[in-house]
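Below is one structure, written out as structure tokens; comments come after it.
A short reminder: the numbers here are calculations on the coordinates, not readings from a lab. On a predicted model such as this, the values are computed, not experimentally measured, just so you know. Don't worry about glycine lacking a Cβ; one is built from the backbone with ideal geometry, like all the others, and counts go over all protein chains shown.
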Amino acid sequence: MAEIPDREKVRELIYEEHRPWGKFRSYPHRLASSLKIITVNPGGILSLQYHRKRSEYWVVLDSGLEITVGEKVWQPEPGEEIYIPAETPHRLKAVGQQPARVMELWLGESDENDIVRLEDVYGRD
């Protein structure tokens, strides 16, 4: 199994460059086994879950989300970046009136089967 990069390693590999029109941030996609945009519909809630084989790095794209990571629950601002270590319970919930998105990088070798659900309102195991 490949080593899962820690928060500091990921953050030191994020590159930001300013241009006359604004800026861009480049994320370490070569470390990721997947890169997704997750869209949560109003009132939608993902499982409270954790992963054994991967950490995740989220970039909040829209307002209207409530995020749980471990014991912390908050409503992040767009642009907020969140590192979720492997085996840490986490979830997304849309609390606004519009769909809301997060960009998610998987850090570590993993697949969709690496989900341990602790709670799920849709009755999934």
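Observations on the structure shown:
- Alpha-carbon gyration tensor eigenvalues x 5, square-rooted, for segment 2-50, Å: 26, 20, 9
- Paired Rg and Dmax values of the chain, which use every Cα atom, in angstrom: 14.8, 50
- GNM on the chain, alpha-carbon springs under 10 angstrom: the most fluctuating residue among 110, 26, 63 is 26.
- Restricting segment 24-106 to trypsin sites (Lys or Arg not before Pro) that sit in a DSSP loop and have at most 12 other Cβ atoms within 10 Å of their own Cβ leaves 52.
- The chain: most fluctuating residue of 83, 50, 27 per GNM, C-alpha cutoff 10 Å: 27
- Highest-fluctuation residue, 82, 38, 14 considered, GNM on the chain with Cα pairs under 10 Å: 14
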